[in-house]
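Visitor: Please see the structure below; I have some questions.
All of the numbers you see were taken from the coordinates with simple rules; none came from a lab. Note that the structure is predicted; figures quoted are calculated from it, not measured.
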Amino acid sequence: MNFFFRNPVFCLKNPRYARETVKAMAEYKADHPVCEYTGRKPIHVHHVVSIRFAPERAADKTNMISLAAKHIHLSVGHAGDTKQYVDNVQEICAIARVMKGSK
């Protein structure tokens with residue numbers, strides 16, 4: 001049986017695991033298959049505005065960015081601590097792309 005049907009209260013309390021959010025993140029990952037900072041794979045989908053602060057934006061694709069799975073997601077997206085969020089992660093990735101393109 002599907003996780004969402006077995007645990008509906010969990011999904012309501014944790015919008016990261018709601019069906020719409022999981023679907024939106026999978027679609028975003030398919031549309032943006034490489035890291036927006038390094039250009040590498042594999043990636044994690046990172047929420048620009050934390051779901052903790054804006055649960056209504058959990059499934060919003062404009063609130064997502066793809067970051068490399070290993071160290072970039074933690075260092076660029078969370079400043080080295082999973083309890084923190086970097087507010088300007090999109091700007092940081094844009095600057096990194098410009099700098100890498102100028103080499």
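Visitor: Taking a quarter of the surface of the Cα convex hull of the chain, what do you get in nm²?
Guide: 7.1 nm²
Visitor: Angle between the Cα long axis of helix 89-101 and the longest principal axis of the chain, 0 to 90 degrees, nearest 10?
Guide: 30 degrees
Visitor: Per-residue ellipticity at 222 nm for the chain, helices alone: DSSP H runs ≥ 4 residues times -39500 (n - 2.57), over residue total, nearest 500 deg cm²/dmol? It would help to have the intermediate numbers written out before the result.
Guide: Working: 4 runs with 36 residues, N = 103.
The helix-only estimate for the chain comes to -10000 deg cm²/dmol at 222 nm.
Visitor: OK, next. Round to the nearest 10 and give me the degree value, 0 to 90, for the angle of helix 19-31's Cα axis relative to the longest principal axis of the chain.
Guide: Taking the Cα atoms of the chain, the angle to 19-31 is about 30 degrees.
Visitor: Full extension from residue 61 to residue 84: what is 0.36 nm times the residue separation minus their Cα-Cα distance, to one decimal in nm?
Guide: Full extension from residue 61 to residue 84 adds 6.2 nm.
Visitor: Any chance you could run the full-extension gain for residue 52 through residue 27? It's 0.36 nm times the residue separation minus the Cα-Cα distance, nm to one decimal.
Guide: Stretched out fully, the residue 52 to residue 27 stretch lengthens by 6.8 nm.
Visitor: Most mobile of 83, 41, 70 per a Gaussian network model of the chain (Cα springs, under 10 Å)?
Guide: Between 83, 41, 70, it is 83 that shows the largest mean-square fluctuation.
Visitor: If the cut-off is 19 Å between C-alpha atoms, which aspartates and glutamates fall inside it for residue 29, apart from same-chain ones fewer than 8 positions away?
Guide: In chain and number order, the partners are 20, 60.
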